[in-house]
Amino acid sequence: MKKLIVALVLLCAASVWAVDLRNEDSRRYEVKIHSGGTTHTSIEGSTTQMSVCSDCEIEVVGVGSVKASGSETVVIKNGSLEVR
């Protein structure tokens, strides 16, 4: 039982320290998340994807790429990237 509680606490703590990806533009973007391997995904306009990684490089195709970690948020705004 103690191991289960410890595992749950660690899982919750990991999600607190995860990078979010927010698209403040109205258009959809293709996204590559480089963290060990590469994950291909997309993000619709005016949406947020929570906990995409804990330490990674996020590449928005046709826009650029940034490195992010911890509780940072990568924001797509006016066709450019920034880390908040």
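The values are calculated or read from the model by the stated rules, or taken from the named source; none is laboratory data. Bear in mind that the values here come from a model prediction, so they are computed numbers and not experimental data. Cβ coordinates were reconstructed from backbone atoms using ideal geometry, including for glycine residues, and neighbour counts include every protein chain displayed.
In the set GLY79, GLY70, GLY45, GLY64, only one residue is at pLDDT below 95 and either exposed (fewer than 12 other Cβ atoms within 10 Å of the Cβ) or not acidic (Asp, Glu) (or both); that residue is GLY70. Kindly list, by first and then second residue, each pair from a residue in the range 55-84 that is in a loop (DSSP other than H, G, I, E, B) to a residue that is surrounded by fewer than 13 Cβ atoms within 10 Å (Cβ to Cβ), limited to pairs with Cβ atoms under 7 Å and residues at least 6 apart or on different chains. Pairs found: VAL63/GLY79; VAL63/SER80; SER71/VAL16; GLU72/ARG84.
Within the range 33-65, being of a type in the set (A, V, I, L, M) and over 12 Å from the mean Cα position of the chain (by Cα) holds for VAL61, VAL63. Candidates are the residues of the range 27-42 that are in contact with a strand residue (DSSP E or B) (Cβ under 7 Å, 6 or more places away or on another chain) and small (Gly, Ala, Ser); the one that is surrounded by the most Cβ atoms within 10 Å (Cβ to Cβ) is SER35.
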